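The values are calculated or read from the model by the stated rules, or taken from the named source; none is laboratory data. Being a predicted model, the structure only gives us computed values, none of them experimental. We place every Cβ from the backbone using ideal geometry, glycine too, and count neighbours over all the protein chains shown. Only protein heavy atoms, including side chains, enter the accessible area calculation; ligands, DNA and RNA are left aside. Shrake-Rupley method; radii C 1.70, N 1.55, O 1.52, S 1.80 Å.
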Amino acid sequence: MSVILEAKDLRREFGALVAVDDVNVQIEEGTLHSIIGPNGAGKTTFFNLVSGTLRPTAGRVFYKGEDITDLPVHKTIHRGIGRSFQITNIFPFLTVHENVRLACQALGKDSFRLLRSHRKYRQYLDRTDEVLGQVGLTDKALQVAATLPHGDQRKLELGMILAPDPEVLMLDEPTAGMAAEQVPELMNLVQSIQETGDKTVVLVEHNMNVVMSVSDRITVMHQGALLAEGTPAEISADERVQTAYLGELYDSAAEEGTS
Amino acid sequence: MTSTTLDQSAGLGDWLRRRRGLLASFALLVAFPFVISIIVDGQGLAAVVNNDLGNARFLQGLAIEVFILGIYAISYDLILGVTGILSFGHAMFFAVGAYGFGILLKTFELAWPVAVLVVVIAAIIQAFLFALVLPRVHGITYALVTLGFASVFWIVIQSSDLADYAGAEIGLQGVESPAWFLDTTNERFIFYLLCLGIFFGIYVLYQRIVDSPAGRVFVAIRENEDRALMLGYNTFWFKTLVLVIASITAALAGMIHTMHQPIVTPNVAGLFWTVTALLVILIGGMGTITGALIGAAVYRLLEYYLDRWFGGASGLLIGAAYVLLVLYVPFGIVGTWRARAVRIKQGRDRLLRLFTGGDDGRTPARE
Amino acid sequence: MSLLSLRDVHTFIEQFHILEGVSVEVPQGSIVALLGRNGAGKTTTLRTVLGLNPASSGTVTFDGLDITEQKSFDIAGMGIGYVPENRQIFAELSVEENLRIAERKKGELEEKEEMIFGLFPDLKRLIRLPGTNLSGGQQQMLAVARALVADNRLLLIDEPSEGLAPVLIEQMMDAIRTLSEHTTVLLVEQNFIVASRLAQHYVIIEEGRTVKAGEMADLVDDDETIKRYLGAA
Amino acid sequence: MSTETSELTTQTPDSGSSKNRERAEWLQENRVRVTVLAVLIFVFVVALLGLDRDDWFSTIMQGLSVGALTFLVVSGLSLIFGLMDVFNLAHGEFFMLGAYLGWTAYTRADTLIDVAIPMLLLGAPFALMPLWRRIAAMVTLAGRARKTSAIGAIVVGALTAFFTITRFPLVIWDAENFAMTPTNMTVQIDLGTLAPLPAESFSGPAIVAILGVLLGGALIAFGFSVLRKPGMESGAIDMKRLATFGGLIVAALVLHLIKEPVNEWIFGLSTTWRFFLSMGVSVVLVAALGALVEVVLIRPLYDRPIYQLMITLGIGFILIELVREVWGRPEFTMARPAAFAGTGEGCPGQGLGGFFSGCSTVEVFGGRLRVYNEGFVVLVGIVVLVGVMLLLKRTRLGMVIRAGVEHPEMVEALGINVRRVFTMVFALGSGLAALGGVLAAPSIGLSSGMGAVFLLGSIVALAVGGLTSFPGAAVGALVVGLLQQIIIRYGQVGIPIPFVEEPFKPSPTVVPAASIVVMVIILLVLPTGLLGRSEK
C-alpha cells in the first residue's frame, strides 16, 4: 500500500485564530481513514484545505506525490478526488436524476456540446442509473431534490460525488442530522463502496461511534492540532481522546491555544 | 415542447407530432399578412406579395419589430434567466450589431456578408470583454460594471466626436439596403418572411441549446454555481460561452433593426433598452425561452396600443405595469402557467424567490 | 408552569424542512439543555423561538402568550435574550457600544454594569476596543454580556463553550450558573460534560424532531441514550 | 453615544510595539489599495500641474462642486446599500424629483399648498389602521374572494379619491397649463414680479369633496388591511392615533382657510429665504416618498434581491414619466436665490470680501469662482458629510445602523425594529438626494434626464469608493468630481498626444465615459473599491 493523499505541515489561520495548526496526515490508498474530533477541532477547515476549497496559510498537500495545494477546485475533481459537504449542497430545484446526471457529465468531454439533447448521451444516463441504484434512490429519481427528506438528500450528495467514480472520496459528516437508525445504513453504504470499488475514503466525523466499526485508521484532531492517530482499537483505548471528547475540563494537557 | 421519452428512433411523423405547436404557429404567421389583407383591407392575396399599402403591410412591420425584440430578449433570457448572470449592459450587445452593421455598410461600404462577419467578430470580442470581468466581480457589482461598459458605449456613440460615423444624438440614418431581400421598404413581405424564419430558427436553436449538455450546465450554474464548480465544471468558460452566444444573437437582432428602421437612435444603447429586455422576459417568464417570445409580442403590442390610447401617459402605465409584474407575477406568463401545472407543494415559496420558470426541476429525463 | 413551551413546531429554511415536530418545555427558573448531533436542528429551534426562522406550524408560547407569529423584535422585547452560535459581535462597534445597543431603556447598562463586569472582568478592561479586536473567548463573553444588559426573563444560549479553552469554559460555566439564579435558560451545547453540569433538564433533538426529554440526572447514567444520540462513548 | 460614560472608561491595554506590528500588517494587507490610491493622486497632481496656474484652482473648486452634488446622491445610495443590500437604481430620479419639487416650492408655493390639502385628508384615514384591521378581521371571505374584494375596495377608493380631488380648488389643476408656466415663472422670478395667482374655490359643495377624499382614503386603507395576513393584529386605537387622524383633518382645513395669507407671506419673502424653505419642503416630501416606496414596494421583495433591483429600475422609470406628465417636457431653469445673484458694481469681488459685498462671482488665486456653485454647494456637501458622520458615530440610531449593516438579525433579536430603521435610512437617503437636486437646480437647470446623469456618476463614485463604506462614498464622489472637471478642462485646451500635431479635444459629452473607464479599472484591481471592506 502506498500513500495516496498527504498533508504536510498544514496550517490555516483566520485572523488571530489558528484553526489548523501544523497538521501532518498520511492517507494510504484503499483505506477508510476517519478524522474525528469534537466541535471546533478544526476538522472541517482541515478538510477544506485538503480538498482545495481553502488555501492554507502554510504547508502543502500532495496527491499521489504531486503537489495539489494550489490546484483550482474544479481540477481536483478531475484528478479523482470527490468531496461532499457538511451542509447539504445540491441543486435543490433539479430532479434527483438531473443532479446525479450533471455529476456524471462533468467528467466526460461532451459538456460543451450545444446542439444535441442531453438525453441522447446514453453513457451518462446509464451511469446515473447505476449510481442511483448504488445509493438507493432509484425510486425517487424524478423528485425535485428539495422535496427529499434530509436523509435522502445526504444520500443524493453521496451519489453526486460517487458519479464520476473518483479514487478518493472525502466526506464531511455525511451523517450530520440523520436519525440514529439511519446512520449505520449510510455507514455500511460508505463501507461497501470503499471495499467493492477499492477506493480510498476520508471521513470527517464528530461522532466517534459512527466511525469506530468501519474505519481502518483514525486521526483525532483537537483544537486545531493532531491529538492521536491509530487503529480504532488504539484510539478507543486512548485516554486523551476520551477526555477530549467528553469535555476537556480537567485535562491539564490541553493547550490554551485557540483563544 | 420537448418530449419526455427517450427515443432515438423517432420518425418524421413523430417529429412533426412533437413540434406541432411550433409548426402551427409558424404556418399561422406566414398566413397572417394574407388574412389581414383579405379581412381588414379587403384586398386580394397579390396585394401582400406586391407590397401594397394597407394594414397588412403595417402589421407586418409591427410583427418584424416583435421578431427583433424577441430575438433580442431571448438572448438576454439565456444570460439572466437560464444562467443567472445579472448583466445590465445588454443594450450594448444589440447596439454593437445595429450601429456596427449600419456604419460598415454606409461609411465603409462593405459587402453585406463581410459586414455581417465583422459584426459577429466584434460581438465575440465584446462577449470576451464582458467575460473578462466575471472572475473579479459578482452579483450587483457585475451588474454595475456591465452597466458601466454599456454607458461608455452609449456616451461615445452619441458624442459629437463620432458624429460623422454614428450621427451623434440624432442617430445613424441613410443606411441603404444592401440586398433585395433585406429591403423592408420595397420587399416588405420577403423581409417579413426572412425575419420570421430567423426568429423561429433562433427559437429552435435556443431550445436545443438549453436542452443540450452545455445547456444543463448553464442551468446548474444558475441553481448553484459553487456546486457546479465542485462537480468539476470550469464555470467561467461556460459563462463565457453563454455570453458569446447571446452577444451574437443580440447583434443579429441589432442588424435586422438597422435594416428595418430608417434611423438607429442612440436609445438602443441606453439603459432603457436593457430594461426593455428585462421587462420582456419578466412578462414572458424568466428562463423559459418561450417566454421571451411571448413577452416580446405582448410588450410591443401593449406599448403600441397604450401609446395610441393614452398618448403621453402610456409611459407611466407601462412603468406601473412593470412594477406590478415584478411584485405580483414574478414568473411571467409562461412561468406562471408552468408553475400552476407543477405545484410543487413545498418548493413553491422558494421558487418564487428564484427567477426560474420551473422547467428544470420538472422535466423528467427518463421514465 | 413552563415559561417557554414549543409544541410540535415545524420550520422551513428556504425549501428545506428543518424542524419536523419539535416540542420543548422550559420550566421557570431552570436550565434546559437542548442536545443532539450536528445539523439536528438545535440552532433552528432557538431561532424559531425568536421568530428569526418563523414556525410554519405548531405553537410557541412564552409566559402564557402565543408568540408564534410575532415579529422578532417584539418577541425579544418581551424579555428574551439571545446568544447566537457564531457570537455575532458587531465588529465595527466598540465593546461598550456592543453592550449599549442592547439597552431597551436608557441607562440600563449603567444599572447592570456591576453585575456584568463582575461576571466578565475582562470586558471592563477592553471597553473601548472595537469588537473585531477581541479574541474568540472575549467575544463569547461579550455575546453573553450583551444578552444580560436588558431585563430578560429567558436566555437562549447557543454553544457557549465552542472553541473556548478549558479555563474559559470554566469561567463561562460559572457565569451561566450565576445568571441562572435570576433567569431561565435554554442552552444548546455540544460538550456533554458542560451541558450535564449546568442543566437540570434535557431535550434531545434528532432530524428535526424531539426524540427524548427528561431530567438531566437520569440521562447522565443512561449510557445507551448518550451513545445513541450524542455520540460520546 | 451618551456622554456619561466616564464610569466605564478605563485605559486601553495597547503597547507601542504591537501597534507598529499592526501597522506593518495593515500595510501588507492593503498594499494594492494604497498603491491604487497613490497612483490616483499622482495622476491628479500631474494632470493639474499640466494646466495653467490660473486654471488649476478653479478646476479643483469646480470638481469639488460636482463632487458635492454627486456626494449627496451617493451618500444615500451608500447608506441604503450598506444597511439593506438594496441597490436603489431610482436614486437618481429621487434627485431629479427633489429638484422639481424644490423648483415648485420656490416659484409656485401656492400650488404645493393646494395639493397638500387633499393629500393630508387622503392620508388621515391611514392613521386609523387598527380600526380597519379589526373590521377586516370580520370579513369571513377566504382565498381568492378575499383578495378580489380587497382589490375592489382599493380600486373604488382610488377612483373616489381621484374624482373628488378634482373638485378641490387647485390654482393650476390642469397639468398642461402648469407645464406651460415654468419658463414663464422663471422669467418672472428673475424680474422680481412673481405673484400668486388668484385662488379658486371648490367646484360644488366643499363638504362633498372633503368627505369624498376621506372615504376614498378609508377604502384604500381598508383594502390593504384585508390583504394582510390574518392573525397579524396590532394595537388598539389609542388616543395618539385618534389625535393624528383629527390633527391631519384639522391641519388640512386650517390650511385651506389661511391659504391666501400664507401664499402672500411666502411670495413676500426674499428669494433667499424662499430657497431655504424650498430645500426643506423638497427634502421632507422626497423623504416621505422614499419611506413609502420602501414600505410598499421594496419590503415585500426582501427575499428576492434581483427583483428588488428591478423594481427600483421601474420606480425610476415611473418617476421620470410622472415628472414629464406633471411638469411637461421642456427643460427649464431655476433662478439663483438673491444672496448668490449679485452682479452689482465692483463685481467680481476679491476673495471672501467679494461675497459679502454681494457678488455672485469672486476672484481667488487668480481663478474666478461662482459663490453659489463653488462655495455654497460645496459647503452644504461638507455639512452633510459631517452631519451624517456624526449621526453614524454619535447617536443611538447611528449605532443601530452600523450594527445592522453587519448582523441585522442579531439587532432584531435585541428587540430593535430593524425594518423601521431600514425605512428611516431609506427616507434619509432619499431626502439627501432631494437636497442635492434642489442645490443642483440653480446651477445646472432641470431636466427629466438629470437623474440618470447623476446616478451614473454616483454609481462610479460608489464603486470607486467601496460599495458599503460611507467615507468611501465621499472619496469616490470627490474622485468623480475632480476627474470630470479635469477632463472637461483638458477638453477645452486639448490633450497633447505624442507624434500628433493637433491636440486631442474630447467633447464634454465624453467626460462621463472617462470616469466609467476609471471605475472599471479600479474595480478590476480592487473589487471592493478604495475603502470597501473586503469580503472575507
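Listed by position, the helices (runs of 4 or more DSSP H) enclosed by segment C:138-233 that each have at least 2 residues that are closer than 29 Å to C:T11 by Cα, touching a residue at least 12 places away in the same chain (Cβ under 8 Å) and within 10 Å of another protein chain (Cβ to nearest Cβ) are C:192-198. Considering segment B:148-162 alone, what residues qualify as being assigned to a helix (DSSP H, G or I), at the interface with chain D (Cβ under 7 Å from one of its Cβ atoms) and over 12 Å from D:L523 (Cβ atoms)? Selection gives B:S151, B:V152, B:I155, B:V156, B:S160, B:D161. When we screen B:G285, B:G291 for residues that are crowded, with 16+ Cβ neighbours inside 10 Å, modelled with pLDDT of 75 or more and at positive phi, the only hit is B:G285.
Which numbered condition trips up B:G201, out of (1) at the interface with another protein chain (Cβ under 9 Å from one of its Cβ atoms); (2) of a type in the set (G, A, S); (3) without any contact (Cβ under 8 Å) to a residue 24 or more places away in the chain? It fails just one condition, (1). Report, by residue number, each residue of segment A:205-227 that is closer than 24 Å to A:G177 by Cβ and assigned to a loop (DSSP other than H, G, I, E, B). Within segment A:205-227, A:H206, A:N207, A:S213, A:V214, A:S215 meet the criteria. In this structure, A:L158 qualifies as touching a residue at least 60 places away in the same chain (Cβ under 8 Å), away from chain B (no Cβ under 12 Å) and within 30 Å of A:A7 (Cβ to Cβ).
Of all residues in segment A:99-110, those satisfying the criterion of being open to solvent by 10 Å² or more (accessible area, probe 1.4 Å) and at the interface with chain B (Cβ under 7 Å from one of its Cβ atoms) are A:L107, A:D110.
Taking segment C:119-135 as the range and being over 21 Å from D:K393 (Cα atoms) and either touching a residue at least 40 places away in the same chain (Cβ under 8 Å) or among the acidic types (D, E) (or both) as the test, the residues that pass are C:L119, C:F120, C:D122. Would you say A:L71 is under 21 Å from the mean Cα position of the chain (by Cα), surrounded by fewer than 19 Cβ atoms within 10 Å (Cβ to Cβ) and over 21 Å from A:V190 (Cβ atoms)? So A:L71 passes the test. Here A:D139 fulfils each of the conditions (1) facing another protein chain (nearest Cβ under 7 Å); (2) open to solvent by 70 Å² or more (accessible area, probe 1.4 Å) apart from (1). Filtered by the rule that a residue be farther than 15 Å from C:T43 by Cβ and at pLDDT below 90, segment C:196-208 gives C:S196, C:R197.
Put simply, of B:V280, B:V268, B:V264 the only residue that is buried (at least 24 other Cβ atoms within 10 Å of the Cβ), more than 17 Å from the chain's Cα centre (by Cα) and away from chain A (no Cβ under 14 Å) is B:V264.
Yes or no: C:A76 within 13 Å of chain A (Cβ to nearest Cβ), touching a helix residue (DSSP H, G or I) at 6+ places or on another chain (Cβ under 8 Å) and either part of a helix (DSSP H, G or I) or under 25 Å from C:I176 (Cβ atoms) (or both)?
The answer is no for C:A76.
Scanning segment D:496-525 for residues that are facing another protein chain (nearest Cβ under 10 Å) and over 20 Å from B:V156 (Cβ atoms) yields a total of 1. Count of segment B:106-147 residues, restricted to those that are over 11 Å from B:S247 (Cα atoms) and more than 14 Å from chain D (Cβ to nearest Cβ), is 13. Scanning segment C:123-137 for residues that are in a helix (DSSP H, G or I) and either of a type in the set (S, T, Y) or surrounded by 19 or more Cβ atoms within 10 Å (Cβ to Cβ) (or both) turns up C:L123, C:G131, C:T132, C:G136, C:G137. Just to be sure before I move on: is C:F62 touching a helix residue (DSSP H, G or I) at 6+ places or on another chain (Cβ under 6 Å), at pLDDT 90 or above and not assigned by TED's automatic domain parsing to the domain that holds C:A145 in the structure I sent? Spelling it out, it is not the case that C:F62 is touching a helix residue (DSSP H, G or I) at 6+ places or on another chain (Cβ under 6 Å), at pLDDT 90 or above and not assigned by TED's automatic domain parsing to the domain that holds C:A145. The helices (runs of 4 or more DSSP H) found entirely in segment B:1-118 that carry 1 or more residues being touching a residue at least 60 places away in the same chain (Cβ under 8 Å) and surrounded by fewer than 24 Cβ atoms within 10 Å (Cβ to Cβ) are B:20-36, B:45-49, B:55-76, B:90-106. Checked against (1) out of contact with any Phe, Trp or Tyr (no Cβ under 7 Å at 6 or more places or on another chain); (2) crowded, with 18+ Cβ neighbours inside 10 Å; (3) at pLDDT below 85, D:P182 passes all but a single condition, namely (1). Taking the criterion of being touching an Asp or Glu at 6+ places or on another chain (Cβ under 6 Å) and basic (K, R), the only residue of segment D:390-412 that qualifies is D:R402. Of the residues making up segment A:81-97, just one is facing chain B (nearest Cβ under 9 Å), out of contact with any strand residue (DSSP E or B) (no Cβ under 8 Å at 6 or more places or on another chain) and open to solvent by 10 Å² or more (accessible area, probe 1.4 Å), namely A:N89. Could you check segment B:76-135 and list, in sequence order, the residues that are closer than 28 Å to D:G314 by Cα and β-branched (V, I, T)? Once the filter is applied, which keeps residues that are closer than 28 Å to D:G314 by Cα and β-branched (V, I, T), segment B:76-135 yields B:I79, B:V82, B:T83, B:I85, B:V96, B:V133.
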